[in-house]
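Visitor: Mind looking over this structure? Questions follow.
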Amino acid sequence: MVRWLADRYNVHMPTYEYQCQNCEHFFEEFQSITARPLRKCPECKKMSLVRLIGTGGGILFKGSGFYKTDYPSKSYQEGKNESNRRSEKKAEEK
C-alpha cells in the first residue's frame with residue numbers, strides 16, 4: 001500500500017529496513033505486519049535480501065498526567081515522600 005493511501009484511510013503499517021547481502025543495497029519498505037519478508041533485491045535482482053532488526057517505533061503518550069495513573073511500587077512512593085520532606089525542610093531553613 002502506498003504511504004499516502006495509508007495516511008488518507010488511517011491505515012498504519014510499519015516500515016521495515018532491508019539490506020542486500022550481495023550488493024549491500026539498503027532501503028526501507030512500508031508493508032503489513034503479516035506480509036512475508038522481501039527476498040529479492042530491487043537493485044541486483046538476487047535472492048539475498050535480509051530484513052534488519054530495527055529499533056522499533058517510539059511510544060507516544062498522548063494527554064496530560066499519564067504518569068499519575070501508573071501504580072509505582074511502594075518503595076518508590078516512600079522515597080518520593082522522603083525527598084519531598086527534605087525539600088520542605090531546606091525551604092523552611094532558608
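Quick note: the coordinates plus some simple rules give every number you see, no bench work behind them. All figures in this text were calculated on a predicted structure; none of them were measured in a lab. A quick note on method: Cβ atoms are made from the backbone with ideal geometry, for glycine too, and the neighbour counts reach across all protein chains shown.
Visitor: Quick check on the exposure proxy: order K40, K46 from fewest to most C-beta atoms within 10 angstrom.
Guide: Values: K40 11, K46 14.
By the 10 Å Cβ count, ascending: K40, K46.
Visitor: Given a Förster distance of 22 Å, report the FRET efficiency between M13 and M47 from their Cβ-Cβ distance, rounded to the nearest 0.05. Don't jump to the answer; show the numbers that get you there.
Guide: Details: r = 24 Å, r/R0 = 1.07.
My answer for the efficiency is 0.40.
Visitor: With Cβ to Cβ distances under 10 Å as the rule, what net charge do the other residues near E29 carry (K, R +1; D, E -1)? Spell out each step's value before the answer.
Guide: Details: positive: R51; negative: E17, E28.
For residues surrounding E29, the net value is -1.
Visitor: Let me ask another. Considering only the other residues whose Cβ falls under 13 Å of the Cβ of R39, what net charge follows from Lys and Arg at +1 and Asp and Glu at -1? Intermediate values should be presented prior to the final figure.
Guide: Values: positive: R36, K40, K45, K46, R51; negative: E29.
Value of the local net charge: +4.
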